[in-house]
Each structure stands twice: as structure tokens, then as C-alpha cells.
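Student: So that we are looking at the same thing, I have put the structure below in C-alpha cells.
The values are calculated or read from the model by the stated rules, or taken from the named source; none is laboratory data. Note that this is a predicted model, so its numbers are computed, not measured. Note that we place each Cβ from the backbone using ideal geometry, even for glycine, and neighbour counts take in every protein chain shown. For accessibility, only protein heavy atoms count, side chains too; no ligands or nucleic acids. Shrake-Rupley method; radii C 1.70, N 1.55, O 1.52, S 1.80 Å.
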Amino acid sequence: QRVNPDGSLGDPVTAVAPAVPRATLSLSAPQPSPASHASTLRFALSRAADARLEVLDAAGRRVRALASGAMTAGEHSVSWDLRDAAGAAVQPGWYVVRLTSDGQSESHPIVVRR
């Protein structure tokens with residue numbers, strides 16, 4: 001407890017930890033798009049944080065998780081071979097690449113053609 005100038009006990013002091021700012025994230029548009037063999041996905045995190053980079057189909061179903069877990073601050077690059085989680089080539093069409101971290105997400109479309 002805190003002691004007042006007159007010697008009496010004041011209100012208890014509660015330590016408050018400073019708020020940790022959320023990581024800001026930046027996902028670049030997939031290159032190339034349309035893609036026919038592979039695509040490079042680039043993203044950046046402002047601070048170290050857990051993050052997930054995944055590909056979704058047009059209905060929003062996860063096709064493949066490309067990266068997941070603790071990541072360092074800075075720029076990252078991941079190559080997608082246009083295959084799903086089972087290793088099969090995805091069908092031509094529209095997909096979405098989504099980066100999620102600290103309760104935030106950013107997405108970009110990607111077109112796959114064969």
C-alpha cells in the first residue's frame with residue numbers, strides 16, 4: 001500500500017504493465033498473378049508475433065497453410081507451388097492468400113491458370 005504524507009495508509013498500488021502494441025502486418029500482392037507454376041508471397045510484420053499465411057478457395061475453405069507459428073519482425077517470403085495440403089495441384093480459378101496475426105488479417109486474390 002501507499003503511505004500518505006500524514007502517515008496514514010492510502011489506496012493499494014497496482015502495477016500495470018504497459019500495453020504491447022499489436023503487430024502491424026503487410027501482405028504484398030502475389031507474384032505472378034495469374035500463376036501457372038508457382039507464386040511468391042511476400043509479407044512483413046512490424047514486430048515478432050505468431051502469424052499464419054494460408055491459401056483459401058473461392059468458398060473460403062482452407063486449401064493449404066503455407067506458414068504458421070512464431071515469426072520474427074521484418075520481411076518474409078514464401079513460395080507456393082500451387083498445390084493443396086495433400087500435395088495435389090489446385091484447379092485453375094480464383095484463390096485468396098490471407099495473412100493473420102494479432103487478431104488482424106490482410107488478404108489478396110490470386111488467379112491460378114494451367
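Student: Just by accessible area at a 1.4 angstrom probe, what is the order of Ser39, Ser33 from largest to smallest?
Tutor: Sorted descending by solvent-accessible area, the residues read Ser33, Ser39.
Student: At 0.36 nm per residue, minus the direct Cα-Cα distance, what do Ala73 and Ser28 gain on full extension? Give it in nm, one decimal, please. It would help to have the intermediate numbers written out before the result.
Tutor: Numbers: separation 45, 0.36 × 45 = 16.20 nm, distance 1.58 nm.
Going from the current span to full extension adds 14.6 nm.
Student: Tell me, what is the per residue accessible area of the range 39-114 in Å², probe radius 1.4 Å?
Tutor: Working: 4080 Å² over 76 residues.
Dividing the accessible area of the range 39-114 by its residue count gives 54 Å².
Student: Please list 3J(HN,Hα) in residue order for the range 33-41, calculated via the Karplus relation 6.51 cos²θ - 1.76 cosθ + 1.60 where θ = phi - 60°; whole Hz, with x for glycine and proline.
Tutor: 9, x, 10, 10, 10, 6, 9, 9, 10
Student: Considering amide H positions built from the backbone, and no H for Pro or chain starts, which residues 5 or more places from Val90, or on another chain, come under 5 Å of its amide H?
Tutor: Under 5 Å from the amide H of Val90: Arg83, Asp84.
Student: Extending each Cα 7 Å along its Cβ direction at Asp6 and Val96, get the distance between those two points in nm, one decimal.
Tutor: My value for the distance between the label points is 6.3 nm.
Student: Let me ask something else. Within the accessible area of the range 31-86, what % is carbon and sulfur when the probe is 1.4 Å and the other protein chains stay in place?
Tutor: Heavy-atom surface of the range 31-86 belonging to carbon and sulfur, 1.4 Å probe: 46 percent.
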